[in-house]
Amino acid sequence: MAPHTEQLTRPAVRLRGLTRSFEGRTVLDGVDLDLPAGQFTALLGHSGSGKSTLLRAIAGIDHGVAGSGTLTAPERVSVVFQDSRLLPWRRILPNVLLGLDGKDAGERGRAALAEVGLGGRERAWPSELSGGEQQRAALARSLVREPELLLADEPFGALDALTRIKMHALLRQLWERHRPSVLLVTHDVDEAIVLADRVLVLEDGRIGLDLTVDRDGPDAHRAYRGRLLKALGVSEDAP
Ligand SMILES: Nc1ncnc2c1ncn2[C@@H]1O[C@H](COP(=O)(O)OP(=O)(O)OP(=O)(O)O)[C@@H](O)[C@H]1O
């Protein structure tokens, strides 16, 4: 295979037989997963099904946890959580630049803030930003690192419904511009369908359903929603 072809088809993340357990209880039970470079994937599952455990394993931030399996992941990985994790004693720009150096860092940080709609707020304190703005700053902090892989664990879970809609549009736009591979953990079936091109359902410690999303067609959203709710064993009918 020619090197450039290999690069195009090589998955950004390759997991084989990933197992994780806590106190003898198996949470991930031999997960096999390939995330192609540049794909936007969402991961759904019931509370406690192991979504965050899987994300942390891919991020390499589960040191000391019992488990096995092989993982290949890119070098530049950014993680966004439900809580922005901005340092309250630093202004927004230094928060975004945390740990970065180089003489163009400040310029890159300003550009990232402008891209998420926070141009002009560089000197604000985190406490002066709304929840949605704090998550925008968290996205800017990820973006400025030019990640090949963006891992997002319920990044909009604490936001109100209208802010979430705006953040969906922003995340999708950032993805279209920069094309990192994205793995978005969410409880929200609609969020998964609106944002992702592929939706995975984690059940019994493995990937149960692996759905490619093609949003064309008038009833596409409703049809995917039905399939995903069924896979999750959730009924919208009154009992
Ligand atoms: N550090 C830990 N020590 C002990 N148990 C843990 C630890 N981390 C996760 N678990 C357990 O592993 C299971 C999966 O947790 P995880 O947070 O991955 O689930 P989740 O699908 O992300 O849930 P939620 O959607 O509620 O965030 C849960 O039962 C949890 O209690």
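The values are calculated or read from the model by the stated rules, or taken from the named source; none is laboratory data. Predicted, not measured: the structure shown is a model, and the values here were computed from it. Ideal geometry is used to build each Cβ from the backbone, glycine not excepted, and the neighbour counts take in all protein chains shown.
See the values below:
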{"item": "Residues that are crowded, with 19+ Cβ neighbours inside 10 Å and either more than 16 Å from GLY45 (Cα to Cα) or among the basic types (Lys, Arg) (or both), drawn from the range 165-193", "result": "MET167, LEU171, LEU174, TRP175, PRO180, SER181, VAL182"}
{"item": "Test: residue in the range 144-167 that is under 16 Å from VAL116 (Cα atoms), among the hydroxyl-bearing types (Ser, Thr, Tyr) and part of a helix (DSSP H, G or I)", "result": "yes"}
{"item": "Scan of the range 173-197 for residues that are closer than 23 Å to PRO218 by Cβ, within 12 Å of the chain's Cα centre (by Cα) and part of a loop (DSSP other than H, G, I, E, B), ordered by number", "result": "ALA196"}
{"item": "Any chance ARG25 is within 15 Å of the ligand (Cβ to nearest atom), modelled with pLDDT under 95 and under 21 Å from the mean Cα position of the chain (by Cα)", "result": "no"}
{"item": "Where a residue in the range 80-103 is over 11 Å from LEU139 (Cα atoms) and its partner, wherever it lies, is β-branched (Val, Ile, Thr) and assigned to a loop (DSSP other than H, G, I, E, B), with Cβ under 8 Å and at least six apart", "result": "LEU97/VAL144; LEU100/VAL144"}
{"item": "The range 203-226, residues that are hydrophobic (A, V, I, L, M, F, W, C) and either under 20 Å from the mean Cα position of the chain (by Cα) or closer than 23 Å to ASP32 by Cα (or both)", "result": "ILE207, LEU209, LEU211, VAL213"}
{"item": "Whichever residue in the range 32-47 is touching a Lys or Arg at 6+ places or on another chain (Cβ under 6 Å) and outside any loop (DSSP other than H, G, I, E, B) and, among such residues, is farthest from the ligand (Cβ to nearest atom)", "result": "ASP34"}
{"item": "From the options ALA158, ALA114, ALA137, ALA152, residue that is surrounded by fewer than 22 Cβ atoms within 10 Å (Cβ to Cβ) and in contact (Cβ under 8 Å) with a residue 12 or more places away in the chain", "result": "ALA158"}
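One line per residue, one yes/no per condition, for (1) farther than 20 Å from GLY157 by Cβ; (2) within 16 Å of the ligand (Cβ to nearest atom); (3) of a type outside the set (A, V, I, L, M, F, W, C); (4) more than 21 Å from the chain's Cα centre (by Cα):
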| position | (1), (2), (3), (4) |
| --- | --- |
| VAL65 | yes, yes, no, yes |
| VAL77 | yes, no, no, no |
| ASP101 | yes, no, yes, yes |
| ARG108 | yes, no, yes, yes |
| ALA112 | yes, no, no, no |
| VAL116 | no, no, no, no |
| ARG121 | yes, no, yes, yes |
| SER127 | yes, no, yes, yes |
